[in-house]
């Protein structure tokens with residue numbers, strides 16, 4: 001009996017972990033063009049009606065960029081906001097709310 005309860009708890013824990021991972025993502029890659037190769041990567045996750053992400057990359061000239069942000073929706077209104085740094089070192093931020 002103890003073994004079957006332990007197995008049941010293990011299966012439940014693994015199922016819960018799989019459900020959490022289903023809401024997370026990662027991406028990476030590279031692009032080669034006439035000026036060289038650029039690489040990029042990012043990750044994010046969603047939970048409870050809110051999402052967040054972060055990423056960045058390096059261009060063919062070795063300049064890097066980064067970004068991060070979040071989004072959430074509630075009561076017919078969605079807000080997206082974030083910040084980053086461009087390949088020339090310029091910082092930026094954004095925020096937008098859309099209401100249905």
Here are 33, 29: which of them is at pLDDT 50 or above and under 27 Å from residue 69 (Cα atoms)? 29
Of the numbered conditions (1) over 25 Å from residue 99 (Cα atoms); (2) modelled with pLDDT of 95 or more, residue 18 satisfies every one except a single condition; which is it? (2)
From the list 82, 41, pick out the single residue that is surrounded by 15 or more Cβ atoms within 10 Å (Cβ to Cβ), out of contact with any helix residue (DSSP H, G or I) (no Cβ under 7 Å at 6 or more places or on another chain), within 30 Å of residue 98 (Cα to Cα) and modelled with pLDDT of 95 or more. 82
Which one is nearest to residue 94 (Cα to Cα), of the residues in region 57-73 that are touching a residue at least 24 places away in the same chain (Cβ under 8 Å), touching a strand residue (DSSP E or B) at 6+ places or on another chain (Cβ under 9 Å) and surrounded by fewer than 16 Cβ atoms within 10 Å (Cβ to Cβ)? 73
Please go through region 42-55 and give me each residue that is over 10 Å from the mean Cα position of the chain (by Cα) and on the phi < 0 side of the Ramachandran plot, ordered by number. 47, 50
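The values are calculated or read from the model by the stated rules, or taken from the named source; none is laboratory data. This one's a predicted model, so the numbers in the text were calculated from it and none came from an experiment. Cβ atoms come from the backbone with ideal geometry, glycine included; neighbour counts cover every protein chain shown.
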